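As structure tokens, the structure follows; a few thoughts come after it.
The values are calculated or read from the model by the stated rules, or taken from the named source; none is laboratory data. Treat the numbers as computed from the prediction; the structure is a model and nothing was measured. Note: ideal-geometry Cβ built from the backbone for every residue, glycine included; neighbour counts use all protein chains shown. SASA here: full protein model, heavy atoms, side chains in, ligands and nucleic acids out. Shrake-Rupley method; radii C 1.70, N 1.55, O 1.52, S 1.80 Å.
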Amino acid sequence: MQLDAKDVGFRYGNGEWLFRGVNFTINPGEIVGIVGPSGQGKTTFARILAGFENPIEGTVTLGGLPVKKKGYQPIQLVFQHPEKAINPRWKMQKSLREGWEPERALLEAFGIEQEWLTRWPNELSGGELQRFCVVRALGPETRFLIADEMTTMLDAITQAQIWHAVLEIAKKREMGVIVISHEAKLIERLCSRVVTLNKNE
Amino acid sequence: MSILEVKNLSVSFKQYTTGMKQKELQVISDLNVNLEAGKILAVVGASGSGKSLLAHAILGVLPSNAKISGSMTYAGEELTYSRKIALRGKEIALVPQSVNYLDPLMKVGKQVRTSVRSGDPARKQKEAFERYHLTQKVEELYPFQLSGGMARRTLLSTAVVSGAKVIIADEPTPGLDPAVMKEALRHFRELADSGCAVMLITHDIDSALSIADEIAVFYAGTTVEIAPVADFTGKGEALRHPYSKALWQALPQNEFIPLPGTQPHASSLPPGCLFEPRCPWATAACRKGRPDMRELREGTVRCIHAT
């Protein structure tokens, strides 16, 4: 099932176009990087792909059909700041099971310790929280994962731990991964193809 | 010449658990750093290793339930709480980590101008904006209208127009594209070369290496190693501490090998060396107490086995 963005354009209200005519395709199992200067709409484009935002122009299709709006979303987005993506008044286990019931082996693959499940979000570090956000997005129905600066705030060891686990799952499930990052060396290490997003495209 | 010296700094937080019960969380233990005029010290380490807390301790902005011990001196004199208040924003400036530190109700051009202490505020602000590729339109915007990278560049401008002698930059680069990041890093180097002391807190070892003189590696609230940048090379053979070596090898441009496990939480610190539970070199002796910082080959290390 291919994820396809065709002639996508977006702007807020009547403001300037953030981007127009963006075309993007990714196949199952493929790992593609999106790069571009800051302020050019990489995050907005990611939000459109994941269905958080509707494009003003153009279409996003999954396997040729519009992406469904109800139920578990097959295109999942993981944000840069996990502390902003988790309900501060829920214990970690509730956030973790928001979309599906992850099995123990997956938690272990991501280095999530059982004892963390009963903690509050403010008792865990950014790297620990981000592991939960990734696992939460990896339900069996996830076809594509969008990592928007997913490990930018993390140290190199935690970054390598999380990416190794994600790559293994992507391979096993034929899941596509979109990597948005400013770190050229990370993109080079992970991706088989890189797309540049800029206004002139 | 040392401008700011932090010796055996420990910070703990008093927290209520249930009812009236309290517990002490030791978040920084025996930490040592030394900032020198004309030098850049980069501080690297995992989140939760105490990097930002060190910055907040120097500026005197820790929350009221924090307890501090150890000593801090600025220009040879003790850095007391009232001196911190007098100096911050003037001689000691912070580039904060989060873009949430901008005033949401003030246009960003004005925010930068209020930080200028000598000279023409409007001109200095314009120069800083030009330097960081912020167009004139940006001056009139409110923080919520900025992208992450633009907000970051505004924060940088605020600190560089202040004319401070010590600049503490807390993760100033994430979310910047390479061109702007290079410019920002080059500017830190220029500030140091003109006599400032710069402490660059970052987890981006690569950018730290490109401009810093020394690198301090933090783990679980303490300094495990302070090494000249030249030691970060090859497979990390020249590095002293096993954690520094692991951090170096985990970089995507190196081996990308993750060391298993996580940094201990402040509520359950191991009794001996803080790295012992994850350390490939650990022996029974490591569990017997915290190792002291010792000098080794042009640097310092906190490990009994390091050679």
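Radius of gyration over Kirkwood radius for the range A:52-162, both on Cα atoms: the Rg/Rh ratio is 0.99. For A:LYS185, neighbours were defined as the other residues whose beta-carbon sits under 13 Å from its Cβ, and their charges (Lys and Arg +1, Asp and Glu -1) total -4. Per residue, the average separation of C-alpha pairs within less than 8 Å and at least 6 apart gives chain B a relative contact order of 20 percent.
Which percent of Cα pairs goes in each bin when the distances of chain B are cut into 20 angstrom slices starting at zero? Percent of pairs per bin, in order: 32, 57, 12, 0.
Within the range B:183-273, which trypsin sites (Lys or Arg not before Pro) sit in a loop by DSSP and count at most 13 neighbouring Cβ atoms inside 10 Å? When the trypsin sites (Lys or Arg not before Pro) of the range B:183-273 are filtered for loop state and at most 13 Cβ neighbours within 10 Å, B:LYS235 remain. Excluding ligands, DNA and RNA, the accessible surface per residue across the protein assembly as shown is 44 Å² with a 1.4 Å probe. Checking buried surface per residue: for the range B:32-59, which residues lose a minimum of 10 Å² accessible area in the protein assembly relative to the chain alone (1.4 Å probe)? Residues losing area: B:ALA46, B:SER47.
To the nearest 500 deg cm²/dmol, what mean residue ellipticity at 222 nm is calculated for chain B from DSSP H runs of n ≥ 4 alone, each contributing -39,500 (n - 2.57), summed and divided by the residues?
So the calculated ellipticity at 222 nm is -7500 deg cm²/dmol.
For chain A, the 222 nm mean residue ellipticity estimated from helices alone, with every DSSP H stretch of n ≥ 4 adding -39500 (n - 2.57) and the total spread over all residues, rounds to -8000 deg cm²/dmol. Counting only DSSP beta bridges with both residues in chain A, the antiparallel share comes to about 40 percent. To the nearest 10, the accessible area of B:GLU214 is 70 Å² with a 1.4 Å probe. Exceedance of the 19 Å cut-off in Cα-Cα distance is limited, within the set B:LYS7/B:LYS67; A:LYS69/A:LYS171; A:LYS70/A:LYS94; B:LYS51/B:LYS288, to A:LYS69/A:LYS171; A:LYS70/A:LYS94; B:LYS51/B:LYS288.
Taking only alpha carbon atoms, the protein assembly as shown gives an Rg to Rh ratio of 0.96, where Rh is the Kirkwood radius.
Taking the DSSP bridge list for chain B and keeping only pairs wholly inside it, about 65 percent are antiparallel.
Per the Debye formula with a single identical scatterer at each Cα and no solvent contribution, what log10 I(q)/I(0) holds for the range B:101-163 at q = 0.14, 0.20, 0.30 Å⁻¹? Log10 of I(q)/I(0), two decimals: -0.31, -0.64, -1.49.
In this structure A:ILE26 has an accessible area near 0 Å², from a 1.4 Å probe over the protein heavy atoms.
Using a Gaussian network for chain B with springs between C-alpha atoms less than 10 Å apart, which of these wobbles most: B:SER244, B:SER267, B:SER49? Looking only at B:SER244, B:SER267, B:SER49, the biggest GNM fluctuation is shown by B:SER267.
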